[in-house]
1. So how strong a dipole does segment 1-69 carry about its Cα centre when Lys and Arg Cβ are +1 and Asp and Glu Cβ are -1, to the nearest 20 debye?
2. Counting only protein heavy atoms and using a 1.4 Å probe, what share of the accessible area of segment 1-121 belongs to carbon plus sulfur, as a whole percent?
3. Which of these values of semi-axes √(5λ) of the Cα gyration tensor in Å was calculated from the structure shown: [x] 22, 16, 14; [y] 24, 18, 10; [z] 32, 20, 13?
4. Using mean Cβ contacts within 10 Å as the protection proxy, how do 14-20, 88-94 order, highest first?
5. Multiplying the sequence separation of Thr68 and Tyr117 by 0.36 nm and subtracting their Cα-Cα distance, what value in nm do you get?
6. Which of the listed residues, Thr32, Ala70, Ser111, is farthest toward the dipole's positive end in the chain, when Lys, Arg count +1 and Asp, Glu count -1 at the beta-carbon?
7. By how many nm would the segment from Lys106 to Glu7 grow when fully extended, if each residue of separation counts as 0.36 nm and the alpha-carbon distance is taken off?
8. Quick check on packing: order 75-83, 27-35 by the mean number of other C-beta atoms within 10 Å, highest mean leading.
Amino acid sequence: GRGEHAEDAAAGSRWDDATDAYLKSLRTPQKTWLKTRAALRLLDVAATAHRYDAVITAYLSLVHTDPTQALAHRPTLPDADSAYIDTALAATSNALAEPNLTDDQKQSLLSLQLDLYRIRKDDVRA
């Protein structure tokens, strides 16, 4: 299946292929534990591939499926001059605006937002 392709690509250090495969499996309806596992793997492979859009996608998915894991796994974030910071902030704000978030989900999202503002050295917002 898709998961095997992603694992093979990661095992072969084909980080872009692995990132794409894990992203695809996150978008496919499946059991929650599989989504959690794909998100955790994607956090690593996407960071290695410097695909920070995918890192954020993985983290936001993890916040949804397993907020406890999200709190335990801080995502690797890009440098201050990366265009991904704006994208990540927008995605995080959208996620925070969703109704019915649990306390763990809010905490995960707020700490991500804080990290992003810190990277940008936006002390006023942080």
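The values are calculated or read from the model by the stated rules, or taken from the named source; none is laboratory data. Computed from a predicted structure; not experimentally measured. Glycine also receives a Cβ, built like all others from the backbone with ideal geometry; neighbour counts cover every protein chain displayed. SASA here: full protein model, heavy atoms, side chains in, ligands and nucleic acids out. Shrake-Rupley method; radii C 1.70, N 1.55, O 1.52, S 1.80 Å.
1. Values: 9 positive and 9 negative charges, 51 e Å.
Here the size comes out at about 240 debye.
2. Numbers: 3250 of 6480 Å².
C and S fraction of accessible area: 50 percent.
3. The calculated read-out lines up with [y].
4. On the way: 14-20: 20.1, 88-94: 17.1.
By packing density, highest mean first, the sequence is 14-20, 88-94.
5. Numbers: separation 49, 0.36 × 49 = 17.64 nm, distance 2.26 nm.
My answer for the length gained is 15.4 nm.
6. Going by the charge dipole, the pick is Thr32.
7. On the way: separation 99, 0.36 × 99 = 35.64 nm, distance 3.07 nm.
Fully extending the segment from Lys106 to Glu7 adds 32.6 nm.
8. Result, highest mean first: 75-83, 27-35.
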